[in-house]
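The values are calculated or read from the model by the stated rules, or taken from the named source; none is laboratory data. Keep in mind it's a predicted model, so treat the numbers as computed, not measured. Using ideal geometry, Cβ is built from the backbone for each residue, glycine included, and neighbour counts are taken over all protein chains shown. Just the protein is used for accessible areas: all its heavy atoms, side chains included, with ligands, DNA and RNA removed. Shrake-Rupley method; radii C 1.70, N 1.55, O 1.52, S 1.80 Å.
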Amino acid sequence: MADEREPPPMEESNENNEDDIFSEAIEKKTTDESKTEEQPVEDSKQEPTRVPIKADINTDDLFSGEGDEVKLDSEEEEEEEEEEVPEPEPSKKDESNPFNSVEPPKPTEEPTPTPQISVSSHSSSSAVKVTASKPSKEEEEEEDEFTIDIKVSDPQKMGDGMGAYMVYRVRTKTSVPAFRKAELSVLRRFSDFLGLHSKLAEKHVSKGVIVPPAPEKSVIGMTKIKVSKDDSGSSDFIEKRRAALERFLTRTASHPLLRMDPDFRDFLEREGDLPKSTNTSALSGAGVMRLFHKVGDAVDKISFKMDESDEWFDERHQQVENLDVQLRKLHSSMETLVHHRKELSLTTMHFSKSAAMLGNAEEHTALSRALSQLAETEERIEIIQHDQADNDFYQMAELLKDYISLLGSVKEVFHERFKTYKVWKEAEATLTKKRENKAKLELAGKNDKVPQAQNEITEWSEKVEKGKEDFEKISQTIRKEMGRFDRHRVEDFKTTVVRYLEQLMENQQKLIKCWEAFLPEAKAIA
């Protein structure tokens, strides 16, 4: 654009020699002037109507020359060109020409794109590199090259009577070098799992780490197992517990910090029985004390208000509460669906038996054969419906229940942050009182007690600094844990929902095939 706008000032400089605005550009770009003075400038003076025709021919050479010079010239010349662009005088003259549709777009293509494209390309490439490096580092930290696979199987009843208990086989395959062997197999009872969770929670929850919850202890379910001699009646309860224990160990092993814990590795590696875990009974004294502690924590939340300065924690806390409410509603609906499917399966079985008896009593041959075929079809449908009820429970209902418990662990971590904040602020309040006490002693002239008061101030100042550091550390840890929790939650729900829908569609296809097979028999009734 700067080169096309040079001819008008050159005419003024030849006639009046008054405009010095383009003098520097003319001196620096002598090669451009020599080219422009040969043909296009003379034509523009003599025949203004022929300018667009010759501009179409000669401006290509001018622009090509300028394109080469833009890449070689210094940044000062580029700045001068940018300053020359917004001048309105030549643009107004061009607007009066009927061929302004040809001339204006050409100068806009030359000077502005070449420097801007180079700068924007460098800036965009650097931004892409930064954004791409951050998730890769997170993935390297959380999903490293080592793997660990844990299976819980072979539940066995040990002992008789009220002293009986269940033992599970825990098989581990891992490439983590911290373990002694690549394949491990140990026997563990249910109280060992509860003891492991208690140890991990005691060490890591206070630091802001989300520890996966262990399955709840069921007094009624274990009482049935201890009293009953036949295990068939309690097989559903045992299978549910086995699956829950396996999910607990799998989630714990997926955490990069928890899987390296010595207690966790000892749980998977140590042969023989572990030391008996204490205070794991649902009706033990420790359980009652835990209940009292929860009540005390609830009272503290009411009596002490936390001035939340970080909006992120306030939003996430509200999100966790809302998610907990919605998951509980969905879990209740899913349990209702499982109950109705089991009732439908049971009703289908009764209908199948009634249809079979009616077919045996029917004298009409074709109708009797159709009723018998209907009974067999209903039997197959009853099996499909029962399988779908199990699929609803073990895939969707159990996942929702696990994440309701996980949200409880998340709330515990947020409460630990609240307690850390409370300790910090209480230390600040005590420090203020100590300083006031020192000031009173100095005013009263009790100089013998001033050194002791100063020592107390120093001690509480260190406690305030430590409280602040602990609060910042636990806040930072919770941020990382919540990011990891969200990623795993999305992945778990996506995998489970897809598997659930695939199984549901497969069962529906089976139902369609059953009825398609029965349809010819119904049409054959004559």
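Can you find a residue in segment 495-508 that is open to solvent by 50 Å² or more (accessible area, probe 1.4 Å) and within 25 Å of Val413 (Cβ to Cβ)? Taking every residue of segment 495-508 in turn, at least one turns out to be open to solvent by 50 Å² or more (accessible area, probe 1.4 Å) and within 25 Å of Val413 (Cβ to Cβ).
Note on segment 323-348: among residues that are open to solvent by 70 Å² or more (accessible area, probe 1.4 Å) and among the basic types (Lys, Arg), the one that is farthest from the chain's Cα centre (by Cα) is Lys342.
Scanning segment 164-200 for residues that are more than 19 Å from Lys240 (Cα to Cα), in contact (Cβ under 8 Å) with a residue 40 or more places away in the chain and either of a type outside the set (Ser, Thr, Tyr) or not assigned by the TED database to the domain that holds Leu258 (or both) returns Val176, Ala178, Phe179, Arg180, Lys181, Leu184, Val186, Gly195, Leu196, Lys199, Leu200. Just so you know, in segment 214-245 the residues that are assigned to a helix (DSSP H, G or I), of a type in the set (Gly, Ala, Ser) and more than 27 Å from the chain's Cα centre (by Cα) include one that is surrounded by the fewest Cβ atoms within 10 Å (Cβ to Cβ), and it is Ser235. Here Leu443 fulfils each of the conditions (1) surrounded by fewer than 16 Cβ atoms within 10 Å (Cβ to Cβ); (2) at pLDDT 95 or above; (3) not aromatic (Phe, Trp, Tyr) apart from (2). Taking every residue in segment 400-418 that is in contact (Cβ under 8 Å) with a residue 12 or more places away in the chain and pairing it with any residue that is among the small types (Gly, Ala, Ser) and part of a helix (DSSP H, G or I), at least 6 positions away or on another chain, the pairs with Cβ-Cβ distances below 6 Å are Glu416/Ser206.
Here is a yes/no grid of residues against (1) modelled with pLDDT under 95; (2) more than 30 Å from Glu502 (Cα to Cα); (3) open to solvent by 10 Å² or more (accessible area, probe 1.4 Å):
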site: Ser368; (1), (2), (3): yes, yes, yes
site: Leu371; (1), (2), (3): yes, yes, yes
site: Phe393; (1), (2), (3): yes, no, yes
site: Glu398; (1), (2), (3): yes, no, yes
site: Ile404; (1), (2), (3): no, no, yes
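Scan segment 349-364 for residues that are loosely packed, with under 15 Cβ neighbours inside 10 Å and assigned to a loop (DSSP other than H, G, I, E, B) and the total you get is 2.
Quickly run through segment 198-213 and pick out the residues that are within 22 Å of the chain's Cα centre (by Cα) and either among the aliphatic types (A, V, I, L, M) or farther than 20 Å from Lys401 by Cα (or both). Across segment 198-213, the qualifying residues are His204, Val205, Lys207, Gly208, Val209, Ile210, Val211.
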